[in-house]
Every structure is written in structure tokens, then in C-alpha cells.
Amino acid sequence: MASFSRLGVRMGWCGRLLLLALVWLPGRSIGQVWEAARPFQEAFDNGVELYRAEKYAVAQAAFAEALANAEPGVDLQRADAAYFHAVCAARLGRADAIFLLERFLDGYPESLRANTARFEIAKLYYEQHGYQQALAHFAQLQRKAFTADVWAEIQFKKGYAHLQLNEEEQAMPLFAELKGGTSYYANPAAYYYGHIAYSQGHDATALAEFERLKDDPTFAPIVPYYIAQIYYRLGRYREVVDYVTPMLPNMSSKRKLEMQRVMAASYLALDEPQKALPYMESFLAESPQLARDDHYLAGILYQETGRCDLAVEHLEKAVTVADSISQNANYHLGYCYLQLGDSVGARRALELAASMNFNPTITEDALFNFAKLTMEQRVNPFADAVDAFARYIEEYPSSPRIDQAYTYLGMAFSATRKYQRALEVLERVKMPTATTRNALQRASYYRGIELFQNLKYQEAIERFDYALKTPGMDPTLYAKALYWKAEAHYKLEQYAVAAKYYQDFLKAGGAFSRPEYPLASYNLGYCYFKMRNYPQAITWFRQFPGMLKDSDPQLLTDAYARVGDSYYIQRQYWPAIEFYDKAAKANGPGADYALYQQGFSLGLVDRPEKKIGVLGQMAARYPQSLYCGQADFEIAQTYQQMDQLQPAIEYYNRVINNYPGSQWVPQALVQVGLAQYALNNYDEAIQSFERVIKEYSGTPPMHEALAALERVYNAKGDVKPYLAYLEQIGQSERVSAPQRDSLIFSAAENQYMLGDCKKAQASLREYLAAYPEGAYSLTANYYLADCLLRNHDTAQAIAPLEAIVAKAPNARVEEALGRLAESYEYANRWSDAYSTLQKLEQVTTSPKVLRESRRARLRAAIALEDNERIVQSAKDLASTDALSPELMLFARYNLGKALLAQGKLDEAYAAYALIGKNTGSATGAEARYRMVEILAKQSQWTRVQEETLAFAKLNTPHQYWLAKAFILLAKSYEKQGDTYQAQATLKSVVDNYLDKKDGVVDEARRELERVLQRVASPTTPASSDTIQFKFQN
């Protein structure tokens, strides 16, 4: 409080000045003047007395009364009364104090009390923590207007205000000015000066100030803790222990907790972890909340004392943000995980430590050990040993471990399957060793296999060539490269080149022991078969069975069948029969074809009974075979040729009744009618012929039936019913029509046969317009459609193709259905294509046509986005015999996709599981991801982890799908409460996944940020110690 003696002197002087002002008022006597001033003076004097007694409320009322009684025009009266009225409001802490003081300054800017009024305003703002406003008013004060003590107060409060505003640089000189003085504020200024120096890391300066204050009663309770912390920061750990130990028993619980942590850290720094641990455990037990650095310190102590299980628990909680604490914590976690036998966790921790650069020594060591662990485990595709060792070599070329790194790099290439990335790294090695060259050969070869699996055959050949030209190549690898190069040429239909490399493979050292060795002979047979060099094809196909170590019914059946075909094509029927028989007995896929061909060939060598016997086995052995109907038809024809008409009729009827959609049905009906005619069963014959005429109008069998029907009625000696029947069916002019019909069609056919489709189209259209149901209408529609398709006019070809299909069954219907489906597909008429392909599958007897039709039907269902149809079509395709691996993959992939879209998760999983083993293809890799995705949808988090890690071990080159799986893996860790592993997994994707633009890294980063926000905890909070001072008013 300001000196009241000084205040009294000032008031006396002001009273005299007021008296003089009143005496000199014109036109007033002194008595009058005193009488007029009395009310004001009495109220004013009363206010002053009350103010001196600190009775501010009644004083303020007195000053308000004085203001009311002040003489008009006498500003000095009003100024003093207004000043004290406002100051009383300030002392009372009233809300309008600042307003009254500022009104005083506005009304009396020249008052001698203006400085003290500003000081009062500044103090009010200061006390209300309005430090910015306080500083603005402090800045207006003049040094000469205040005593030294008051000025010291002003300077201190300015410094403190700057400190609260985090303006330490402005606060420092103000405290520095005061700390060496003798004012009341000298020691508080020294304390805050030391505090700022401490916070800025100027430990020596801070220590000097705090040591000066250790005997000050105000600061003695707090400065020892600063001193202990500074000793610790200066690395004077023994002094920390010696200084703190005697103080601990007398400390408050809060201070004791803090010092226990300092003691633990100091003993650790002195390499005495056993002495540190009790202090740390007391701190852990008593602390209400642990910060990251607390967990870090506890983790290190537990590690140093052999308690890695507890160390992991704490170190994991120290890893939340990218800083030096996290890097160190991850590094030590790597050690602890290894001690606990968790090499996967160790690798993740070291990966995270290696990804940070706060401590270069740790970064280097973590990277090297991470690379070693990764090579040993091969479970994380986004931070593989190849990349890790390559990065190590690039960043630490002068490291003492550089030779080890190169050695491990070679080993990593032998173990990894990321061959393209391996090649990119190996080709950058400036001085390759023999190990490096060997790794380069292997990487090039296996990259070729990857490309082959992804149907990139020309690129695969280039990689195989690179591997083959490398000197000193491993003989087995050399032989394998030759074989797969031959396979690639075969896929490109370069059969002569393929044959050369298959033969080179057979001659290569190391080839004999390879499982591909017998397959080379088999494939050579196909090369020559495709080139129509049948004698050579026979040689290689016949050689193949003797080269097989284990019987393979599928390959044996196919090889024997191709030998049979080769002899058959050369009209060497007896050896063809022999090998068809071997193929049928091998009983693999295609055995039904071999059995049919065997029977058919027996007919060609005039062994009808044996033919019937062999073909008669078809229905019993292969009841679902496409050749059953054809076999029955052949048996019927054979019986008919042997003049055994009753069994012939029986087998024709089996074709008619068992295979109603077959192309053989109309011909079978005609033959049944002819057989009945031969047996003189005229009425039955008439029924058969009339059925053909009715059901197969406009087809060649219809015209055969009409001709045969005429012979039957002639045999009966009664043609009138025949003529009436012709009239009934619109064929009354049949006697003369055939000649005209034939002439017009023949002209059109001649143009077609000459290849003049333009003229042929016009003639064929003219014929069909004249004879829409003519004897040759079916053939005319076929020729017309063929011409239109040759000219790529698929839209116009649809009508004649539909006309052929409408007259099914017939000899042209199978081909017409296939071409019609293609035309619908070209026109994007997917629904029509789908139904047409269904019809094709009902009539075809060709396994090849069936396979192609089912593939096209699945394609149509996909285009229709009809999951029900996709499921059915995919199942049908997958069940087809002799399906290529590519088509099986296509079927099962789309089956899984459609089932997943339908929400049939278990069925979708099963479908994907069938193709998820071959992750060398993009489809297989996606299937594996979908398996993980399905498990995640079902919240089977442990299985998500198992499947993802199994996926990673397959080393797929299709990293996109594996990265997506790892994001789900991180989610599984999070769901199970292991946020540390979730962070490590996501960070691995963010840091190491190569394609930064396909959305995977963005997704992983978003997930990582979300997880970090969940687990983030504050660092050790700044000391909340506040020394409270009672400042002079």
C-alpha cells in the first residue's frame, strides 16, 4: 500500500491550492466562498479518513457525495474526488473499477494523479491475468513519478506478465535488473530468472541463481528440486544421488514422487540398475498418471535388470509419435522381443527404429539387424531383406559390416520371391561378387516364371534368355530356364522354336532328375502334333509313358489318345485302335473320347461286332459323357448296316429319347422310319417320317423324310393319302418345286464357293425370300451368315443364324449357336448371348465347344452383373473336364466374387481358398486378400493374422493385395488391444510400399493417424509449481 503519510501531505497541499482557487473567484466574498465549499470539503475529508482506515466502501460513498457537492467549474475538486472514488472501486474489486479509472483519465488527462491511475489500471489487469492489457498500461508509466520500491514492483510485474505470455526474452532483462538489488522483488526476480534459464537449458546460469535462493524461506522448499534436476541434466549423477538421498525422508509426497524418478534415472546413468529399480517401482506404484518418458525409463530399467516381459509392457507405451524416445524404445523393444523368443515382434520394432534418424548409431544398427531378422522370417513383404540390405549398403558404404551386408544380400535373394525388385537392386551393384552374380541369375529366372504365370510370355522369354547367357550358371537352373523358355514359345504358338528348346532341355545336364523331364517329351509330342508332323508326334508321345516315374492318368490318357489321333489321321487304323484302347484303359479325363474313337475305328477296319461291343461300354462307363448319344447313333447305324434292323431301331430310339436336344435326333428318326419301312412296318414308318417333317421343317432331314414317305405310300399302293398330306403341309407343288428350288440355290452356292460373298449374299437372300422353307434353306442361311460374319457384319448375321437355330436340331445348329452367341456378345446383347450359350451346351458333343461355351456364358453373366447367373455359370465351368488352369482360375475367382457380393461369406471363402495358393498371378493374390477380408468381416481376428502372415510367406509379386491385407492385419491387432503391433504394421506399409499413388499408402496413413490419436498420451507435464507472493499494493 502507498504511504499514507505521503498521501496526507499531498492532500494538504491540494487543500491549500483549492482554497486559493476559491478565494479568487470573482464576485464572491471569502465568507461566501468558504460557505459554498463546506459540503464538498466535509465529504472529501471524511472520505480521506475512511480511505486511510481501509474502509473503502463507505469512503467511496463519501467521495461520491463530495463529487455531488463540488462547485461547478472547479475541476480540481472533481479531479481529486473522482480519483479516490475510482481507487476505492479498485480496492473493493468492483467490476467497474477500470471503467472509473479510465473515465478519470479521460476527464482529467493533465491531473497529477494520472500516472498513479494508470498504475492502478495496470495492476487490475495484471490481477485479472489480462497480461497483455497490463503491459500496455505499464508501458505508459514514467519512472520519475514513482519511488524505487514501487518502480521495482512495476518492473517485476512487467517481467511476470511477459513470462505468462511465453515472452521469455522480454522477461529476462526485467528480472535481471531486479535480481541483484535490495528490493522486496530481488529474490522473486532471481527465482524467475533462474526458472527461465532452466527452461532454456542454461543450466549453469540457473544453478547459480537457485543456489543463492536455497536459504530463502520463500524459495527454500522448491529450489532443491531444481538443483537436483540441473545436476541430472549436467550429467552429475553422483551429485544427484548424494544431494537427494538425505532429503527424501522429509519431502512431501508430490516432491518425493518426482525425486524418486530422478534417483532412478541417475542410478541408471551410473550403470547401477539394481539400485535404480526400487525407486522406479515406487514411482510407478504411486504415480497417478504415467507419461511416455516414464514408461520409457521403466522399460529400460526392467530390460537392464533382466525383466524383459515387464520392459515390453512399458516400452510399447512409450511409442506413440516419431521422436527420439520412440526410436530408442523401439530399438530396446527389438532386444527384449528377441530375449522373449518373439522374433516377429523384434523385427517390427527394429524396423520402426531403423525408419527414424534421431540417433544415427541406433538407425544403422537397427537397420542391419532388422534386415537379418527379415531374411530369416520372410513375413513382411513391404520391408524385405533385399531392400533393407540394399538400403544399408547405400547409406553405410564404409561400415565395418559392409561385407556381411553383401553376403546377407545374396542370401536374401536366394530366399525372396520379389524378383523384379531384386533385379533392380542387384543391377545397381557396381562390383558384383560370384554370390551376387548367382543371385542375379536366380532372380532373372524366377522373374521369368512370374511373368509366365501372368501370361506375359514374351517378357518371360527375355528374362529366361538373360538367365541362360550368364556364365557359370547352376546346371539345374540352366535346365529349368530352357524348359520354361520352351513353354513360353509354345504358349505363343511358336511350335518349332518351342520344340528346339524342349530338346535342348532334354540334353541339358541336371534335366534328367527334374519333374519336367518327362513333360518335355509330352510337350514335344504336342509341338509336332500342332505342326501336323504326325510321325514325330507319335515318337515323342510314345516315349512319354516310359519316362514317367509315377503314373498320371490324365497325362497318360491324353498322350495315348494323341498317338491314336496321329495314326488315325494317317489312316493307320489298327495302331490307332491299339492306342485308343490304352488311353481308355488309363481312365483319365478324355478316356470317353478314346473309347469312342476306338469303337469308331473298329468300324473302319470292318469289325462291326467289336465296334458295337466297344461303343456299348460308353453308357455304363461314362454315363455323363457327351459321346454317349453319338456312340448309340453309331451302334444303331452299325446294326442297320449289318441288316439287324430291330436292334438298330432300339439304339436309334435311345438317341431320340435320351438325347432329345442332340443334332442326331432328326437323322435318327429318319433312320428309324427307313428301318421300319424295310421291315414292312409302314404305319410306324409313316409316323416317324411325319414327326421329322413336323418338328424339323426346312431341314435336310425333313426333305429326306418327304422323299422316303413317298416311297412308303407307293409301297402301300395308295398315294392319295400322301398327296393329301402334301396339300396339308403346304408342299402340294413338291413334284415340280425341287427343280426350281435346286437351280436357284445352286447358283447362289456356286458364288459362295468361289468366295464372292458380295454376289452370294444377294443370291442367297433371293433364294430365302422365294423358299423360306426350301430344301436348302438351312444351308442357305448358314452360307449367308458366314458371308456376313466374314465382312464383320455381325448385326446382319444374327437373323440367318437365328433361323438355323429355330430349326434345331440339325447338322448346323451347334456351329450356328456358337456364332450367334458371339454376335450377341459383339452387340452387347448379353442376356441373349447367355441363353444361346445354354442351348449350345445342351446340344454339343464336343468337350472343347462345351468348355468354350461355359467360359463365354460366365463372361456374359459377368457383363449382366447377375450374381445368381455368375454363380451357376462359374460352377458349371469349374466342373468341366480337362479344364486348363487359366479357365479354372477364371471360374473360381468369379464364383468367389459373386458369392461375396451375395453375402455368402463361407462359400465365398471356400471358392477363394481353391485359387489363393498361387499368388504368383494377380487373380490368385486378390483371392488371398479376399479370404482375409472375409475373415475380417466375420471378426475372426486371430484367423486374419494367421491368413495374412501365411499370405506374406508366399512372397507374391502383387504387392497391392498384400498391402491391403496388411491394413486388415493392423486392424486385427488393434481389435485385440495390441495397438503397438497395429502401429508397426501400418508404418511398415506407409514407409515401404512402393506405389505411392494407388491409394494403399493413403489408406494406411489414415489408419495409422487414427490409431495414433487413440493411443497418444502426453509427455511429462511441465512443473505446475507456482510460488505465491503477497505483493505490496
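Structural remarks
- The single condition from (1) hydroxyl-bearing (Ser, Thr, Tyr); (2) under 29 Å from Leu468 (Cα atoms); (3) touching a Ser or Thr at 6+ places or on another chain (Cβ under 7 Å) that Tyr522 fails is (3).
- Number of the condition not met by Asp294 [criteria: (1) more than 37 Å from the chain's Cα centre (by Cα); (2) within 22 Å of Arg233 (Cα to Cα)]: (1)
- Qualifying residue in the range 313-328 (condition: farther than 23 Å from Val1011 by Cα, polar (S, T, N, Q) and either assigned to a helix (DSSP H, G or I) or touching a helix residue (DSSP H, G or I) at 6+ places or on another chain (Cβ under 6 Å) (or both)): no
- Filtering Ser831, Ser823 for residues that are part of a helix (DSSP H, G or I) and buried (at least 18 other Cβ atoms within 10 Å of the Cβ) leaves a single hit, Ser823.
- Against the test of being under 21 Å from Gly603 (Cα atoms) and in contact (Cβ under 8 Å) with a residue 24 or more places away in the chain, the options Gly673, Gly661, Gly629 yield a single qualifying residue, Gly629.
- Of all residues in the range 905-947, those satisfying the criterion of being within 21 Å of Gln981 (Cβ to Cβ) and free of Cβ contacts under 8 Å to residues at least 24 places away in the same chain are Met931, Gln940, Arg943, Glu946, Glu947.
- Residues (farther than 19 Å from Arg928 by Cα and among the β-branched types (Val, Ile, Thr)) located in the range 963-986: Thr979
- Counting residues in the range 950-960 that are over 17 Å from the mean Cα position of the chain (by Cα), at pLDDT 90 or above and not basic (Lys, Arg) gives zero.
- Selection count, the range 239-277, where residues are of a type outside the set (A, V, I, L, M) and surrounded by 14 or more Cβ atoms within 10 Å (Cβ to Cβ): 12
- Screening Leu301 with (1) among the aliphatic types (A, V, I, L, M); (2) assigned to a helix (DSSP H, G or I); (3) surrounded by fewer than 21 Cβ atoms within 10 Å (Cβ to Cβ) gives one miss only, at (3).
- In the range 383-410, the residues that are among the charged types (D, E, K, R) form Cβ pairs under 7 Å with partners that are at pLDDT below 75 and not in a helix (DSSP H, G or I), at six or more places apart or across chains, as follows: Asp384/Thr416; Asp384/Lys418.
- Of Gly546, Gly525, all but one fail to be small (Gly, Ala, Ser), out of contact with any helix residue (DSSP H, G or I) (no Cβ under 7 Å at 6 or more places or on another chain) and assigned to a helix (DSSP H, G or I); the exception is Gly546.
- Checked against (1) among the charged types (D, E, K, R); (2) at positive phi; (3) in contact with a Pro (Cβ under 9 Å, 6 or more places away or on another chain), Asp558 meets all criteria but (2).
- Residue within the range 875-890 that is polar (S, T, N, Q) and within 18 Å of Gly818 (Cα to Cα) present: yes
- Condition met for Gln667 (outside the structural domain of Ala708 (by TED's automatic domain parsing), touching a residue at least 12 places away in the same chain (Cβ under 8 Å) and within 60 Å of the chain's Cα centre (by Cα)): no
- Residue in the range 207-220 that is acidic (Asp, Glu), closer than 22 Å to Met263 by Cα, part of a helix (DSSP H, G or I) and within 53 Å of the chain's Cα centre (by Cα) present: no
- Counted residues, the range 353-364 - those being modelled with pLDDT of 90 or more and buried (at least 18 other Cβ atoms within 10 Å of the Cβ): 5
- Pairing residues of the range 753-773 that are in contact (Cβ under 8 Å) with a residue 40 or more places away in the chain with residues that are surrounded by 13 or more Cβ atoms within 10 Å (Cβ to Cβ) and not aliphatic (A, V, I, L, M), at Cβ distances under 7 Å and at least 6 apart in sequence or on separate chains, gives Glu773/Ser697; Glu773/Gly698.
- Taking residues in the range 427-446 that are in the same structural domain as Ile393 (by TED's automatic domain parsing) and among the basic types (Lys, Arg), and partners anywhere that are part of a helix (DSSP H, G or I) and at pLDDT below 75, the pairs with Cβ atoms closer than 7 Å and at least 6 places apart or on different chains are Arg442/Phe413; Arg442/Ser414.
- When Ala586, Ala559 are checked against the criterion of being in contact (Cβ under 8 Å) with a residue 24 or more places away in the chain, under 19 Å from Ala520 (Cα atoms) and of a type in the set (Gly, Ala, Ser), a single residue qualifies: Ala559.
- Arg855 vs. criteria touching a helix residue (DSSP H, G or I) at 6+ places or on another chain (Cβ under 7 Å) and within 24 Å of Tyr593 (Cα to Cα): yes
Residues are listed down the side, and each one gets a yes or a no for (1) out of contact with any Phe, Trp or Tyr (no Cβ under 9 Å at 6 or more places or on another chain); (2) under 29 Å from Ser355 (Cα atoms); (3) modelled with pLDDT of 80 or more:
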residue	(1), (2), (3)
Pro400	yes, yes, yes
Lys418	yes, yes, no
Leu426	no, yes, no
Arg437	yes, no, no
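- Residue ID - surrounded by the most Cβ atoms within 10 Å (Cβ to Cβ), chosen from residues in the range 116-145 that are in contact with a helix residue (DSSP H, G or I) (Cβ under 7 Å, 6 or more places away or on another chain) and modelled with pLDDT under 90: Ala145
- Restricted to the range 676-778, the set of helices (runs of 4 or more DSSP H) holding at least 1 residues that are modelled with pLDDT of 85 or more and surrounded by fewer than 19 Cβ atoms within 10 Å (Cβ to Cβ) comprises 682-695, 700-716, 737-753, 757-770.
The values are calculated or read from the model by the stated rules, or taken from the named source; none is laboratory data. Nothing here was measured: the structure is a model prediction, and the numbers come from that model. In this analysis, Cβ positions are derived from the backbone assuming ideal geometry, glycine residues included, and neighbour counts consider all displayed protein chains.
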